[in-house]
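First up is the structure itself, then whatever we jot down about it.
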Amino acid sequence: PAQYAEALSLCTQLGISLDVNSYTKLLVLLTSRVPVPTGMVRLTLNLGTPKDSQVIPLIPPNATDEEERAVFEDGEVIAEGPAEKPVDDVAPGALRNTPAKECGAQPSVKDAAEVKDARAAMTKVQPADLRGHVKGRSPKAVAYFGHFATLLHLEVLVELQALKRRLMRPFEDLKRFGWAIEKLQVKSADTRNKAKGKNAQLPGRESGSKTSRIVFSIPEDLDVANIRLRPGDSVLVSRTSPLKDLLCEGLIADAPVSEDDGGPMKGMQKGKAPQEQRIVVTIDGPFDEKAGKEGTWRLDKGANRTSYERQFLALVRLATSKEDKRIPLW
């Protein structure tokens, strides 16, 4: 956070402007961190707003002590004791493809002294001076984009902060409520080239040419009726905890359906005999099946990134399209 605050200050001092795509990529990368660096996101939102717009303060109004402390975190687990050994850049089983980890390995914990330094640096940044640093084809379109992108991200921050609080709860609580499952073993994994398409990608979420489909075997002693992971849900894939060794985000492609959801009985699929319970996850990037079969994995329900990305992409298209290619704003 301290270095990020210095970079923002330089932007204002030197009059550096960002285009819409660069600004979008910056926000996408920041919100991809687990947990989300709240303060860094809040300061960044001011870049996209007009110079005469309302300021987004570093610390939210009426913030609790816990929420205020979270403002100065950078997405790493906070620990009061000595730091643990750094997590390897690439976890066993796959290449890390979470955008938040684009710069390589990072410490698994961060001590209170660093939080103090971050507070000192970030509070020196004047949010009002950051406004109006995103430029585009049309000032009106950029103003519209900045206004609604800010509202979108303030709402997303609430969801991501709730996700962080959930992930910090004891695993047994998460298991009991169906938010997480552990001791999953990789039954099979298939990496293939992505089909070429014309669908636009949100800047910062551009995936590579590979995609992987991972089939996890569910432990026999687990009551699948209690699992609250459904096809289409975002999940966080890790070995022990997303807060310690997050591998990547993925989407549930197939999962057991309980009778309460109108599906077949436990251990059954419609028209088929009982079979081994499984859960299938798709991720962007390659996955080493041999290494992945060593040890076990954990899945946690993540935030609804699909809705966020679709809304953000629509705003980006509006701000970057030529005037004759879009409906007039006013």
Exercise for the section: Keeping to segment 174-187, report how many residues are open to solvent by 40 Å² or more (accessible area, probe 1.4 Å), at negative phi and not polar (S, T, N, Q). Expected result: 6
Problem - Contacts under 9 angstrom Cβ, first residue in segment 212-235 being farther than 12 Å from Gly250 by Cβ, partner among the aromatic types (Phe, Trp, Tyr), 6 or more apart - result: Asn226/Phe177; Arg228/Phe177; Arg228/Trp179
Practice task
Residue by residue through segment 1-25, note down the ones that are more than 18 Å from Ala128 (Cα to Cα) and small (Gly, Ala, Ser).
Solution key: Ala2, Ser22
Handout entry: Subset of segment 167-181 (residues that are under 27 Å from Met40 (Cα atoms) and either under 13 Å from the mean Cα position of the chain (by Cα) or touching a residue at least 24 places away in the same chain (Cβ under 8 Å) (or both))
Key = Leu167, Met168
Problem - Subset of segment 2-21 [within 24 Å of Val71 (Cβ to Cβ), part of a helix (DSSP H, G or I) and under 25 Å from the mean Cα position of the chain (by Cα)] - result: Ala2, Gln3, Tyr4, Ala5, Glu6, Ala7, Leu8
Practice task
Determine if segment 215-228 includes at least one residue that is within 22 Å of Arg305 (Cβ to Cβ), modelled with pLDDT of 90 or more, out of contact with any Lys or Arg (no Cβ under 6 Å at 6 or more places or on another chain) and assigned to a strand (DSSP E or B).
Solution key: yes
Handout entry: Restricting segment 22-60 to residues that are in a loop (DSSP other than H, G, I, E, B) and of a type in the set (Ser, Thr, Tyr), the residue that is farthest from Arg166 (Cα to Cα)
Key = Ser53
Handout entry: Answer residue from segment 191-214, given it is more than 22 Å from the chain's Cα centre (by Cα) and modelled with pLDDT of 85 or more and is nearest to Val20 (Cα to Cα) among those
Key = Asn193
Handout entry: Only one of Val142, Val158, Val134 that is farther than 30 Å from Lys290 by Cβ, open to solvent by 80 Å² or more (accessible area, probe 1.4 Å) and β-branched (Val, Ile, Thr)
Key = Val158
Practice task
Have a look at Asn97, Asn21 and point out the one that is at pLDDT 80 or above and closer than 30 Å to Gly136 by Cα.
Solution key: Asn21
Handout entry: Single residue of segment 304-322 satisfying the filter (small (Gly, Ala, Ser) and more than 25 Å from Glu249 (Cα to Cα)) that is surrounded by the most Cβ atoms within 10 Å (Cβ to Cβ)
Key = Ala319
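The values are calculated or read from the model by the stated rules, or taken from the named source; none is laboratory data. Remember, it's a predicted structure, so these values are computed and weren't measured experimentally. Here the Cβ is made from the backbone with ideal geometry for all residues, glycine too, and neighbour counts use every protein chain on show. Side chains are part of the model used for accessible areas, which takes the heavy atoms of the whole protein and leaves out ligands, DNA and RNA. Shrake-Rupley method; radii C 1.70, N 1.55, O 1.52, S 1.80 Å.
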